[in-house]
Amino acid sequence: MPNTLLSDPQRVENVLAAQNYLAERGLAAAVFLADRLGMPLFLEGEPGVGKTMLAKKVSEALGVDLIRLQCYAGIDRSQALYEWDFARQLLHMRAGDGGTSIYRREFLLARPILRAVEQQPSVLLIDEIDRADDEFEAFLLEVLEGKQVSIPDYGEIEFADPPFVVLTSNGTREVHGALKRRCVYHWIDHPDQQREAEIISVNVPEVANTPLAEQIAAAMATLRGLPLVRPPGVAESIGFARAAVALGRHTVAEAADEALGVLVKHHEDQDTVRQVLKPGAA
């Protein structure tokens, strides 16, 4: 059932802004449509642009739990949906109660998808789906298409309303079109310089109405145009601003050396980033 807090794109923008997440209109419209149409929201974009954070902020805005499934190579349905509590099953059998089945709900350990289905309302985040393999995508298709999940030896668990589902991808591989077609798709790009300064100011109030937010946003725009191993995302922009405040620094150049580790996650990028933050530095 659509949520009244997400009743139109403008309302979505306002609700997310109240959680310090500044969403552009296209993203707000995608959130609205996913909720209104009962479809998963598929977010794709470079690391650090706010895909995972959006799911977190939607859950906070709605006042519901965020249930996260982190994908990785080799993940299967048992990590995503359920596992049997073999220890309790064994104790049950040793107790000699052979007249009852060991495949009952009390012996099921709910993993993220089952938890989200049973715990309504909720937001289910399926993070970095591009790290999983084809077989797991096929399993997700089965779950996302229907109103039930099937568990061998137990049966089917039906649900009337699906959770609000957010899938994210960093684009490390192409996710199958069959999965994307069942979702509302939106690409999240890095914000322009002015918008990034606003995002920094909202999340780090100490730098609001100071030149530092604009300086950081300008530096990030330059860095993203360079061939770095990992260009900084918005998360790193905010982190750098917080680091500068913690260090008591008032300019990017002043904070550059001490806060370099907030921006640089690869040794090969250090000198290039330092040159941008401190022009003329050796």
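Among the residues of region 72-103, write down those that are among the acidic types (Asp, Glu) and not in a loop (DSSP other than H, G, I, E, B).
83
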Problem set entry | Where a residue in region 78-90 is closer than 16 Å to residue 117 by Cβ and its partner, wherever it lies, is modelled with pLDDT under 90 and of a type outside the set (Lys, Arg), with Cβ under 6 Å and at least six apart | 82/151
Problem set entry | region 57-71 - residue that is part of a strand (DSSP E or B) and aliphatic (A, V, I, L, M) and, of those, nearest to residue 13 (Cα to Cα) | 66
Exercise. Can you name the residue in region 50-78 that is surrounded by fewer than 21 Cβ atoms within 10 Å (Cβ to Cβ) and closer than 26 Å to residue 190 by Cβ and, of all such residues, is nearest to the chain's Cα centre (by Cα)?
Worked result: 52
Exercise. For region 243-266, how many residues are of a type outside the set (Val, Ile, Thr), part of a helix (DSSP H, G or I) and over 13 Å from residue 277 (Cα atoms)?
Worked result: 3
Exercise. Quick one: would you say residue 213 is buried (at least 21 other Cβ atoms within 10 Å of the Cβ), in a helix (DSSP H, G or I) and touching a helix residue (DSSP H, G or I) at 6+ places or on another chain (Cβ under 7 Å)?
Worked result: yes
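Residue-by-condition table, conditions (1) at pLDDT below 95; (2) closer than 22 Å to residue 231 by Cα; (3) polar (S, T, N, Q):
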{"position": "26", "(1), (2), (3)": "no, no, no"}
{"position": "41", "(1), (2), (3)": "no, no, no"}
{"position": "46", "(1), (2), (3)": "yes, yes, no"}
{"position": "61", "(1), (2), (3)": "yes, no, no"}
{"position": "70", "(1), (2), (3)": "no, no, yes"}
{"position": "74", "(1), (2), (3)": "yes, no, no"}
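The values are calculated or read from the model by the stated rules, or taken from the named source; none is laboratory data. Because the structure is predicted, anything quoted here is derived from the model rather than measured. Cβ coordinates were reconstructed from backbone atoms using ideal geometry, including for glycine residues, and neighbour counts include every protein chain displayed.
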